[in-house]
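Shown next, in structure tokens, is the structure this report addresses.
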Amino acid sequence: AGKAHNAGKTLLNLINDILDLSKIEAGKMEIVNDVYYLSSVLNNVVNMMRVKAEEKKLEFRVEVDEKIPDLLMGDDTRISQVIINILNNAVKYTREGSVCLKVEKAEPLTADGTDAVGEDEVVLKISVSDTGIGIRKEDAERLFDSFQRFEEQKNRHIEGTGLGLAITKQLLD
């Protein structure tokens, strides 16, 4: 029963990824701006990903810049989706060591050196680092292509379809 339940969850995730990619490519993906609490978004993401990291005995660290206001406006569902997709890859391709999620307040500047955002705006810089296997330079340009997986023979034990980063890139674009 447990195996059937896990297989069902995997299939549902695959279908949802394909539907999301189809919506994005058709220009039908809606970004819904609403008020949200960053702490709540990060708490949900971290709780989900920490379990996966602990199953692999990985250290999971989170660093959040205290200068970031907690109450923000944006699409918390899509922000969560992007962070989860990136963290999922980090955990999947890290056999030992650690995964770190870092959230900072970026200071974007225009070409003339002036602030690129208004006083009531915040640009989040979200980064993930890990001690995983990395990616070859020649594969880097294809990293965000749909259904792209690298070194299939070597990574055949790692679950995935190669859609997570393609969806992430298109959401960010």
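Could you please give the count of residues in the range 41-69 that are touching a residue at least 24 places away in the same chain (Cβ under 8 Å) and open to solvent by 60 Å² or more (accessible area, probe 1.4 Å)?
Within the range 41-69, the subset touching a residue at least 24 places away in the same chain (Cβ under 8 Å) is 41-42, 44-46, 48-49, 52-53, 56-65, 67-69.
Remaining after also requiring open to solvent by 60 Å² or more (accessible area, probe 1.4 Å): 44, 48, 52, 56-57, 59, 61, 63-64, 67.
Of the residues in the range 41-69, 10 are touching a residue at least 24 places away in the same chain (Cβ under 8 Å) and open to solvent by 60 Å² or more (accessible area, probe 1.4 Å).
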message: Restricting to the range 30-56, name every residue that is out of contact with any strand residue (DSSP E or B) (no Cβ under 6 Å at 6 or more places or on another chain), among the aliphatic types (A, V, I, L, M) and part of a helix (DSSP H, G or I).
response: VAL41, LEU42, VAL45, MET48, MET49, VAL51
query: How many of the residues making up the range 101-120 are surrounded by fewer than 16 Cβ atoms within 10 Å (Cβ to Cβ) and at pLDDT 85 or above?
result: 4
task: Out of LYS137, LYS125, LYS92, report the one residue that is modelled with pLDDT of 90 or more and basic (Lys, Arg).
output: LYS125
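Being outside any loop (DSSP other than H, G, I, E, B) and over 28 Å from GLU30 (Cα atoms) is the filter; apply it to the range 70-100 and report the residue that is most open to solvent (accessible area, probe 1.4 Å). Before the answer, list the steps.
Of the residues in the range 70-100, the ones outside any loop (DSSP other than H, G, I, E, B) are 71-74, 76-92, 98-100.
Applying the additional criterion that residues be over 28 Å from GLU30 (Cα atoms) yields 91-92, 98-100.
On the way: VAL91: 7, LYS92: 63, SER98: 18, VAL99: 0, CYS100: 7 Å².
Once the filter is applied, the top-ranked residue is LYS92.
The values are calculated or read from the model by the stated rules, or taken from the named source; none is laboratory data. If you're wondering where the values come from, they're calculated on a predicted model, not measured in any experiment. So basically every Cβ, Gly included, is an ideal-geometry build from the backbone, and we count neighbours across all protein chains shown. Please note that ligands, DNA and RNA were not included when accessible areas were found on the heavy atoms of the full protein model with its side chains. Shrake-Rupley method; radii C 1.70, N 1.55, O 1.52, S 1.80 Å.
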